[in-house]
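To keep things clear, I will list the structure first and then write my remarks on it.
The values are calculated or read from the model by the stated rules, or taken from the named source; none is laboratory data. Here the structure is a predicted model, which is why all the values come from computation and not from measurement. All Cβ positions, even for glycine, are placed from backbone atoms using ideal geometry, and neighbour counts span all protein chains on display. To get the accessible areas, we keep the full protein, side chains included, count just its heavy atoms, and leave off ligands, DNA and RNA. Shrake-Rupley method; radii C 1.70, N 1.55, O 1.52, S 1.80 Å.
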Amino acid sequence: MKREGRRSRWRRWICLAFLLTWPLLLFCSRPAWLTWAAQLLDVSNAPAHVDCLMVLGGGSNTRPFVAADWFLRGKTTTILVPTVQSPPELVDEADVPDHEVIRRVLLAQGVPVGSITLLPCECSSTRDEAAVLATYMSEHAGVSVAIVTNTLYTRRTKSIFCRQLGDDAKRVFYIGAPTDHFDEASWWKCEEGFMCYATELVKLARHWLSL
Amino acid sequence: MAALVLLLVVCFKSQILTTLAAPLIVEGSASFSAPVVLLHQSKPFFDETAALYRAAIAPQILVIQKPLSRSELLGAYGPGDRSTVRLSLRGIPEELLANIWCKDRRAWAFATALRTWLIEHPRSRLILLCERFESRRARLILDRVLDAEDRDRAFVVPVRDPLFDETSWWKRKEGQLALFNNYTALIYSYFNGDSGSTESDLNPAEYRTLLRADK
């Protein structure tokens, strides 16, 4: 009886030690697993050269600069810009649409106007952009394309584009544009980085659940 | 028992989801005359500001201005200040507008700028226009940054989003994202306070150097 009482007491102490230790270990090792979680989101596979770059809507402070840099270094000859549609309730007459901001940044960086192609059909989501690219690639057989988006969005973007493009997805690559002030190893230390990565992890989970 | 709970959830789904969004909202209305502060420069905010001006509530409009982004530095948004142009189109005279400059682009920078303004205007009150789901967090930030005697002089007034509100947020992707983002930001702000880099964004040449260094 006494032995059993001692054994069950030991078991309780071991359980308690385990319950207290693993959160502590998790907390102390958070830089490692938080960085790992962020690295999961990056599937960039930039090739040496592509026929076209496609700059996804949003991120006008990063993506067109990356696209312009690629063009000026001779790694591509054409930059595709999808037409971005915003809800009319949120748009002022005097507002400059996102695709026009991207186009102006490209021009200001030295990309010739003839090398920028505005894709028809308005897009309000990444899925719409994938559909527009699918149409473009069906009209331009054999063309290779690199999608320019922010590094943390590349995994979800790739999943969406692969679903739309089918066999054409083999000729599509992904270039990640870096963000200012935070990256995979520091995103949780500032609000902006935390919001970007936390939102993207949830969006990715939502996307996987909808497949 | 489980079936009953499920039935209740299904029957009262709207009420439950509305209650879920309620903690994010600090109700407030602009019923007195005071300078109006624009936290965001978008159509719903410009429309609300114009309405307050027409109702003789806004004797002055203060626009929160952050350091220019890379694309703004290149003039991608066109000439002239966006707020001045858009508020002028709504009949608000330019002389009523004033800029409140933030020294960096951190989320809490606006509160530091407003603190300075309130100290310089000891007898004035402010009406801060913010997004509806953001209002609780805006109040939290103001309470953390402003001096105790100044907190009662800054009023948070939420602006209704034309696409969704607390009674319909779950029907649209924008509403779902807004709920998640604002809860995450509120919790992060509550526990971490003001965080992030005080440096400006890299200018176009510096960003290009960063890209080339990455290769």
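What's the average, rounded to a whole number, of partner chain beta-carbon atoms within 10 Å of each residue's beta-carbon in B:197-204?
Taking all residues of B:197-204 together, the mean is 4.
Report the Rg/Rh value for the range B:102-209, based on alpha-carbon coordinates and the Kirkwood definition of Rh.
1.04
At a probe size of 1.4 Å, how large is the accessible area of B:W169, to the nearest 10 Å²?
Its heavy atoms expose roughly 20 Å² to the probe.
How big is D, in µm² s⁻¹, for the range B:1-59 by Stokes-Einstein at 20 °C and 1.002 mPa s if Rh is the Kirkwood radius over C-alpha pairs?
Estimated via Stokes-Einstein, D reaches 145 µm²/s.
With each pseudo-label sitting 7 Å past Cα toward Cβ, what's the A:F27-B:A51 distance in nm, one decimal?
Distance between the two pseudo-spin positions: 4.6 nm.
Show me the trypsin sites (Lys or Arg not before Pro) within the range B:72-139 that DSSP assigns to loop and that have at most 10 other Cβ atoms within 10 Å of their Cβ.
Those that pass, being in a loop and sparsely packed, are B:R123.
Taking the C-alpha atoms of the range B:1-115, how large are the radius of gyration and the largest Cα-Cα span, Dmax, in Å?
Looking at the range B:1-115, its Cα Rg and Dmax stand at 20.1, 65 Å.
Compute the Rg/Rh shape ratio of the range A:57-131: radius of gyration over Kirkwood radius, all on alpha-carbon atoms.
For the range A:57-131, the value is 0.98.
Just need log10 I(q)/I(0) for chain A at q = 0.09, 0.14, 0.16 Å⁻¹, Debye formula, equal scatterers on the alpha-carbon atoms, no solvent, rounded to two decimals.
Here log10 of I(q) over I(0) equals -0.44, -0.88, -1.10.
When 1/r is averaged over all different Cα pairs and the result inverted, which Kirkwood radius in Å belongs to chain B?
19.3 Å
Just want to confirm a number: the relative contact order over chain B, from Cα pairs under 8 angstrom separated by 6+ residues, in percent.
Computed value for chain B: 27 percent relative contact order.
Could you tell me how far the Cα centroid of the range A:188-211 sits from the Cα centroid of the range A:110-160, in Å?
The range A:110-160 and the range A:188-211 have Cα centres spaced 22 Å from each other.
Show me the three semi-axes of the equivalent ellipsoid for the protein assembly as shown, from the C-alpha gyration tensor (sqrt of 5 times each eigenvalue), largest first, rounded to whole Å.
Here the semi-axes work out to 36, 35, 23 Å.
With the convex hull built on the Cα atoms of the range A:3-60, state its orientation-averaged projected area in nm².
If you wrap the Cα atoms of the range A:3-60 in a convex hull and average its projections, you get 8.0 nm².
Kindly list the residues of the range A:35-51 that lie in the label zone of A:C162, defined by a backbone N under 16 Å from the point 7 Å along the Cα-to-C-beta vector.
Of the residues in the range A:35-51, A:40-46 have backbone N under 16 Å from the label point off A:C162.
What relative contact order, as a whole-number percentage, does the range A:110-187 give when Cα pairs under 8 Å and 6 or more residues apart are counted?
Once divided by the residue count of the range A:110-187, the mean separation gives 33 percent.
Give the separation of the Cα centroids, the range B:111-178 to the range B:28-70, in Å.
Measuring centre to centre over Cα atoms gives 12 Å.
What is the list of residues in the range B:166-181 whose amide nitrogen lies under 14 Å from a point 7 angstrom out from the Cα of B:K13, following Cα to Cβ?
B:168-172
Per residue, what volume in Å³ does the Cα convex hull of the range A:17-114 take up?
170 Å³
List the GluC sites (Glu not before Pro) in the range A:52-136 that DSSP assigns to loop (not H, G, I, E or B) and whose Cβ has at most 16 other Cβ atoms within 10 Å. Which are they?
Listed in order of number, the matching sites are A:E93.
Only Cα pairs within less than 10 Å get springs; with that Gaussian network setup on chain B, which residue of B:Q60, B:Q15, B:Q176 has the largest fluctuation?
Fluctuation is largest for B:Q15.
Might you work out the accessible area of B:W108 for me, using a 1.4 Å probe with all protein chains in place, and round it to the nearest 10 Å²?
10 Å²
What average number of partner chain Cβ atoms lie no more than 10 Å from the Cβ of the residues making up A:54-62?
3
Just give me a number: lysine pairs in the protein assembly as shown, eight or more positions apart or cross-chain, with C-alpha atoms less than 26 Å apart.
Lysine pairs meeting both conditions in the protein assembly as shown amount to 23.
In peptide B:66-79, how many Cβ atoms from other protein chains are near each Cβ within 10 Å, on average?
Mean shielding count: 5.
Given the options A:L24, A:L133, A:L41, which has the most mean-square fluctuation in a GNM of chain A, springs set between C-alpha atoms less than 10 angstrom apart?
The residue that fluctuates most here is A:L24.
Starting at the first residue of the range A:134-148, write each ³J(HN,Hα) from the Karplus equation 6.51 cos²θ - 1.76 cosθ + 1.60 with θ = phi - 60°, in whole Hz, x for Gly and Pro.
Along the range A:134-148, the couplings run 4, 5, 4, 5, 6, 8, 10, 4, x, 6, 9, 9, 10, 8, 9 Hz.
Please state the Cα pair-distance histogram of the range A:110-211 with 5 angstrom bins from zero: what percent is in each bin?
2, 11, 18, 20, 19, 13, 10, 5, 1, 0
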